[in-house]
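The values are calculated or read from the model by the stated rules, or taken from the named source; none is laboratory data. Every value quoted in this text rests on a predicted model; they were computed, and no experiment measured them. Cβ: placed from backbone, ideal geometry, glycine included. Neighbour counts: every protein chain shown.
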Amino acid sequence: MVYASDSTRPVELGADHRRALDDWFSNRLSRPISSPDLEPVGLKLIGGRLVATEHGPAGLYLYADGHGRRVALYVRPMKIDKNDRMVRRQGEGVHGWTWADNGLGFGIFGLEQAETLHRAADMTRRHYLAV
């Protein structure tokens, strides 16, 4: 909610610096990280920023739909190698999906309809399984 609601500076690097953003995340998370194309579900990349967590660095990509509603994709290293099940999350008006694959943890959160977020989560998962 902190970055997604910021109207003047929601990201450190904009979508026009997508390659630099992906490289920055890859270097800090010590593995290949790239922003998935979520335009087929109506979400366009705004950009992203590196965030600090209790588990170390994480990448935060921000997307927006055609109405300006924002969706955050959170990626961080995890000790869990594989968790086949996506888990639906909800709290304080924000909902989304979390899962882990190949040592990375993922979360997609926003105010979007649950179906849009689930489709975005599915696309993101396929993207990272192909990397």
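Would you call Glu92 buried (at least 19 other Cβ atoms within 10 Å of the Cβ) and at pLDDT below 90? Considered against the rule, which asks whether it is buried (at least 19 other Cβ atoms within 10 Å of the Cβ) and at pLDDT below 90, Glu92 comes out as no. Among the residues of the stretch 52-82, those identified as in a strand (DSSP E or B) and more than 20 Å from Asp101 (Cβ to Cβ) are Ala52, Leu62, Ala64, Arg70.
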